[in-house]
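A short reminder: the numbers here are calculations on the coordinates, not readings from a lab. Here the structure is a predicted model, which is why all the values come from computation and not from measurement. A quick note on method: Cβ atoms are made from the backbone with ideal geometry, for glycine too, and the neighbour counts reach across all protein chains shown.
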Amino acid sequence: MKKNNVYSLLTALLFSLSLQAQNVMLKMPDMTIDPGANLHLDVQVDNFEGIVATQFSINWDASVLEFIGVDNFGLPNMSLDGTFGTLDVNEGILRFAWYQQDLSGVTLDDMSTIFSVWFKAIGDPNAATEVMITGNPTPIEVVNVNSDIIPFQVSNGTITIQGPTNSKETITQDFVLFQNSPNPFKEITYITFNLKSNTQARLSIFDHSGKVIYQQNQVFNTGLNKIPVRRDLFQSSGTYFYTLETKKAIATRQLIAH
């Protein structure tokens, strides 16, 4: 067999193995919010490479969270009417089905948001619900440029409504994210988190529309990190959200600027 034929076969084999090894991650964060507050929940992806279509359902307890809407679209050709099925949102079901029209394949950075869901906390204090990516009623599928349905993993989030017995911290496998203090604040507040090791992490603050108004992405040191945030960063008083993300975990909490 000629050398160039061997090379071609090896290349094809390696390419095939790389496709088989791809495992797309679909994930949502754990969050703790105040009773009656609005919640901006990001649906994020990892290993999203050369994807032309994906679909799934999002399920939650409709007695704890009330659906408001979707925004922050991170994929081409997305629209409320064309991509989402909202007929059963009062029962805690949101359908999602997206495809790329030119079938060239979309690649996104890890921790990219493909869309965000707005909820209102309507449950009692200390109530909680999982917000789950499921195949009910829309089967979960992720399709690549070769029209192959590829493997996926799901990391669901739990939303807890703040109550008098709730902890003021969110614990993940990578870090502990504390409630900012003071909260509410008028001049300066501090966002504090404890890392289990030196970690590349991204701290982001969002306004009520989901727009990023502050972001710090770096390797933070092991142990307690305390980030000062000044009031002049915020254009107006109101409720904002801050998120800490690593490759393994994500958590979001709410802050209030006066």
Q. R0 = 22 Å: FRET efficiency of K120 with I213, Cβ-based, nearest 0.05?
A. 0.50
Q. Using 0.36 nm per residue, how much length does the chain from D102 to K186 gain when fully extended, once their Cα-Cα distance is taken away?
A. 25.3 nm
(Q) What number do you get for region 86-206 when its Cα radius of gyration is normalised by 2.2 N^0.38 Å, N = residues? (A) 1.38
Q: Can you give me the three principal axis dimensions of region 169-257 from its C-alpha atoms, in Å, biggest first?
A: 35, 23, 20
**Q.** Among 100-107, 195-202, the order from most to least packed when residues are scored by Cβ within 10 Å on average
**A.** 195-202, 100-107
Q) Hey, could you pull the Cα Rg and Dmax for the chain, both in Å? A) 20.4, 76
Q. Sorted from fewest to most neighbouring beta carbons within 10 Å, what does the list F56, F73 look like?
A. F73, F56
Q | Alpha-carbon centroid distance for the pair region 163-240 / region 57-89, whole angstrom | A | 27 Å
Q) Which Cα, out of I150, S197, W60, lies furthest along the positive dipole direction of region 55-203 (beta carbon charges, K/R +1, D/E -1)? A) S197
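At a 10 Å Cβ-Cβ cut-off, how would you order D207, D88, D124, fewest neighbours first? Let's see the in-between values first.
Values: D207 18, D88 15, D124 11.
Ranking D207, D88, D124 by Cβ neighbours within 10 Å, fewest first, gives D124, D88, D207.
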